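Novice: I have a structure here, written as structure tokens, and I will follow up with some questions on it.
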Amino acid sequence: MRSLEAAPERTRAAGAGAPADPMPQLFAEFCALLDRHAAALAACDRIEAGLIIRVGYPRVTLPRDADGVRRYATDAAAVTQALPPGRGRQRLLHRLARRQHRWNTAAREAGLLEAQLREAILDGAVLTAADSVLATPAWTDHAVGLKLMVLLSVHAPGPAADATTPWRELRLILADLDRLAGEGLDR
């Protein structure tokens, strides 16, 4: 929320001469890690998009169902489940193995594995930073708002859950804190 993020004058505890509230710095570090993680995800997406253009998806087309819907298999279990034993199943399994091998080779050459490792490491760092923010005692309502933003950004299940309990109520509480921060109230 804008009011909570843009309140540097609220980084000190209530008493004069008190040490600086650590929450804004922890929150800034968390946000920087989130930005780096988003960039790492975008890098993985760019590499994968290039691979799809160059070598295609590592999948095979399955025979249509009775409903006529086109289906795909990306693993041997799906092929085995969709087709009875026999030559047709074996051909699809071999085709799938070749496509997956071609994908894996191209992915290594394009640096996808390294990009995915960077993304996973940054994801872990984001979660660690979130844990640090959430474990740090809040000294002000500003700090409580920052903690709530971190909680929602890391643990909320996503837009589908925005209208469900407790996520809806937590967002309403954050909006209340933001409104109070905008009015200059600090309790």
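The values are calculated or read from the model by the stated rules, or taken from the named source; none is laboratory data. This structure is a prediction, so every number in the text was calculated from the model and none was measured. So basically every Cβ, Gly included, is an ideal-geometry build from the backbone, and we count neighbours across all protein chains shown. These accessible areas exclude ligands, DNA and RNA; they are computed on the full protein's heavy atoms, side chains included. Shrake-Rupley method; radii C 1.70, N 1.55, O 1.52, S 1.80 Å.
Novice: Given points 7 Å out from each Cα along the Cα-Cβ axis, report the ILE52 to LEU134 separation in nanometres with one decimal.
Specialist: Roughly 3.2 nm, to one decimal.
Novice: Run the numbers for ALA163 and ARG108: contour at 0.36 nm per residue of separation, minus the present Cα-Cα distance, in nm.
Specialist: 15.6 nm
Novice: Right, next: Can you pull the percent of the stretch 73-187's accessible area that's carbon plus sulfur, 1.4 Å probe, other chains left in place?
Specialist: C and S fraction of accessible area: 57 percent.
Novice: What angle, in degrees between 0 and 90 and rounded to the nearest 10, separates the Cα long axis of helix 23-55 from the longest principal axis of the Cα atoms of the chain?
Specialist: It works out to around 20 degrees.
Novice: Which one is right for this structure if log10 I(q)/I(0) by the Debye sum over Cα atoms at q = 0.11, 0.12, 0.17 Å⁻¹ is calculated from it: (i) -0.48, -0.56, -1.05; (ii) -0.61, -0.72, -1.16; (iii) -0.71, -0.77, -1.06?
Specialist: Identified label for the calculated read-out: (iii).
Novice: May I pose another question? If one takes the longest principal axis of the Cα atoms in the chain, at what angle in degrees, from 0 to 90 and to the nearest 10, does the Cα axis of helix 112-135 lie?
Specialist: 30
Novice: Calculate the FRET efficiency for ARG70 and LEU151 from the Cβ-Cβ distance with a Förster distance of 35 Å, rounded to the nearest 0.05.
Specialist: Working: r = 42 Å, r/R0 = 1.19.
Given R0 = 35 Å and the Cβ-Cβ separation, E is 0.25.
Novice: So how tilted is helix 141-155 from the main axis of the chain? Cα-based, degrees 0 to 90, rounded to 10.
Specialist: Around 10 degrees separate the two axes.
Novice: Taking a 1.4 Å probe, which of ILE173, ILE121, ILE53, ILE47 shows the most accessible area, and what order do the others take after it?
Specialist: Working: ILE173 85, ILE121 105, ILE53 145, ILE47 40 Å².
From most exposed to least exposed: ILE53, ILE121, ILE173, ILE47.
Novice: What FRET efficiency comes out for the pair THR61/GLN25, r = Cβ-Cβ distance, R0 = 45 Å, nearest 0.05?
Specialist: According to the calculation, E is roughly 0.25.
Novice: Also: Suppose R0 equals 35 Å; then what is the FRET efficiency for ALA120 and ARG179 from their Cβ-Cβ distance, rounded to the nearest 0.05? All intermediate terms of the calculation are to be shown ahead of the outcome.
Specialist: On the way: r = 38 Å, r/R0 = 1.08.
Efficiency, from the Cβ-Cβ distance: 0.40.
Novice: Let me ask something else. Going by a ≥ b ≥ c, the root eigenvalues of the Cα gyration tensor, does the stretch 36-97 fall in the rounded group (a/c under 1.5), the prolate group (a/b larger than b/c) or the oblate group?
Specialist: Prolate, because a/c is 1.5 or more and a/b exceeds b/c.
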